[in-house]
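Reviewing the structure listed below.
The values are calculated or read from the model by the stated rules, or taken from the named source; none is laboratory data. All values reported here derive from a predicted model rather than from experimental measurement. Don't worry about glycine lacking a Cβ; one is built from the backbone with ideal geometry, like all the others, and counts go over all protein chains shown. When the accessible area is computed, the model is the full protein with side chains, heavy atoms only, and any ligands, DNA or RNA have been set aside. Shrake-Rupley method; radii C 1.70, N 1.55, O 1.52, S 1.80 Å.
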Amino acid sequence: PTYNVEPFITLFFEKCLSKVFVEPLISYSAVQFCVRNRDIALRRHLVTFFPLLFKIVAMYPTTYASEFKILVQSLASSSGVKCELLHSILDLPTISALVQLKTRFGGNVDEWQRFVNSRPKKEALVYEYILRNRSRTIRRPEFAKISFPWRENQKTKLATSLVPLLLTIYFDYMFQTVTISECNKVIEAIIERIYNKSVSPQILPNLCNRVLGMIEKYPSLLIHAKKTLLATILSPYQYYPNLTLHVTWAVGEYLHTEATQADYKVVLEYQRSISKLAESQVRRYRALREDGRTTNNISPPVIVMNLLDRNISARSSSRKQNRGISSLFAKADAEFTIRLIHVSIMALCKLAARCVEIVPSVRGVLITVLASRDVLPESICRRASQCARLLQQPSLAYTFFKQPFYCTPNLSETTSVVLMTNTERESNFLKGLGGSGSYGSVPQPVRHQVQARMQQNQAGAAAEEKR
């Protein structure tokens, strides 16, 4: 005879493990059982009860680190819980703190319930969400600004150190099976957490790289997640400046010709937002120049981004900063503003090359940038002048920018390295446009590439006419 063991497994998770998961022997046996049977009989139960397993690893971060890496691999490739799993990984330090807080009450459920009821309503909702046993049962409340009654200890620090590793495993396996709708939800969840300051500064660069990787995998996310991405462009310092830089570059690189034909309004919205970004950064640089916080020596992009990351970490940990370090951060802020203006100008140029209707608006922005040549660095003025000349030759601009021309970001690389590489390639291409702007001023290797591409286009058009 055959027996259905699923009701017994469900009963074990709900009635037994949920009450005694803090016991080392029981939790060890349960975790080992889940690891051995993760791909056979337990797949559905793992997806349902993974919040309970997160409470175990939050209680014993070092004990079950290796087992949990295996479980996260299995969960990340499961559909329906990718977004909730991401939240649980990022909330692991909070889970650890709350589980420890609850263990102080022993097994007295009534005392714990009275304590929860005595707390503010928003805080009580957080307790209910974090300490849940089932997935997809409670909507995640926002609790970034809530002050909880606990202090950081050794266990919460160990749980915090485990987050980057689990995050890397999660994204590596998620990208193998993720759909465009799931990517859309994950991007919105990441940007929402960044906006609410509920992400550790140490993992912000990693999350920005992953957002760019999802856009590279599904360029149509620029249309589906338009509202969220536009918000990051319009308010760079309310979110995370590096995220704005990456999204702006991705809009110019991956908003393809197909998108401009089918969604002209979307392209127009992005163009207006990036234009506002460029103009606001010009004003910001002017203000920094007036305060004497600018420099003519521009550091490499990686150094600038690392300094900004250190600045964010320092602001979140302590308000007292050394005067010399503050001046260094101010220098990095000015240099980052210059880089953001560069990327904005190139993104506008790429959009205008694919969508002729917005060329006058883009040229107007370039003229506005050139009108501030008295305060802006020479590199920005030269870039704006080169792009203006390039847009006078629509066929040349379209030939180069109709599809992503430069190297696409590798998820194993840092995004800053990719942006630096692509910016250097753009600069090498545009150097020849610094003169009269004629076709003859294009560098010789680039000229041969343009001629070959234009001949291919002409041959294709001739073949279509014959048909």
Inset, instruction - Provide a single number: the residues in region 278-304 that are at pLDDT 80 or above and either of a type in the set (Val, Ile, Thr) or under 9 Å from ALA334 (Cα atoms) (or both). - result: 5
Inset, instruction - Could you tell me whether region 37-47 includes any residue that is surrounded by fewer than 17 Cβ atoms within 10 Å (Cβ to Cβ), within 30 Å of the chain's Cα centre (by Cα) and part of a helix (DSSP H, G or I)? - result: yes
Legend entry - Residue selected from region 11-29 under the condition surrounded by 15 or more Cβ atoms within 10 Å (Cβ to Cβ) and within 18 Å of LEU131 (Cα to Cα), by the criterion farthest from the chain's Cα centre (by Cα): PHE12
Legend entry - Residues of region 1-31 classified as of a type in the set (S, T, N, Q) and modelled with pLDDT of 90 or more, total: 4
Inset, instruction - Inspect region 47-56 for any residue being at pLDDT 90 or above, polar (S, T, N, Q) and within 25 Å of GLN176 (Cα to Cα) and give the result as yes or no. - result: yes
Legend entry - Subset tally (residues that are more than 11 Å from LEU166 (Cβ to Cβ) and open to solvent by 10 Å² or more (accessible area, probe 1.4 Å)) for region 58-69: 6
Inset, instruction - Could you grab me the full set of residues in region 127-137 that are more than 25 Å from the chain's Cα centre (by Cα) and not basic (Lys, Arg)? - result: TYR127, GLU128, LEU131, ASN133, THR137
Inset, instruction - Sort out which residues of region 99-118 are touching a residue at least 40 places away in the same chain (Cβ under 8 Å) and either in contact with a Gly (Cβ under 8 Å, 6 or more places away or on another chain) or not small (Gly, Ala, Ser) (or both), and write them in order of number. - result: VAL99, GLN100, LEU101, THR103
Inset, instruction - Mind listing whichever residues of region 209-260 are small (Gly, Ala, Ser), open to solvent by less than 10 Å² (accessible area, probe 1.4 Å) and not in a helix (DSSP H, G or I)? - result: ALA225
Legend entry - Top-ranked residue of region 198-252 - restricted to ones that are among the basic types (Lys, Arg) and in contact with a helix residue (DSSP H, G or I) (Cβ under 8 Å, 6 or more places away or on another chain), ranked as nearest to VAL163 (Cα to Cα): ARG210
Legend entry - THR168 being more than 14 Å from LYS82 (Cβ to Cβ), in contact with a Ser or Thr (Cβ under 9 Å, 6 or more places away or on another chain) and assigned to a helix (DSSP H, G or I): no
Inset, instruction - Kindly check whether there is at least one residue in region 350-365 that is of a type in the set (S, T, N, Q), in a loop (DSSP other than H, G, I, E, B) and surrounded by fewer than 24 Cβ atoms within 10 Å (Cβ to Cβ). - result: no
Inset, instruction - Please note which helices (runs of 4 or more DSSP H) are completely contained in region 87-149 and include at least 3 residues that are crowded, with 18+ Cβ neighbours inside 10 Å and hydrophobic (A, V, I, L, M, F, W, C). - result: 92-103, 121-130
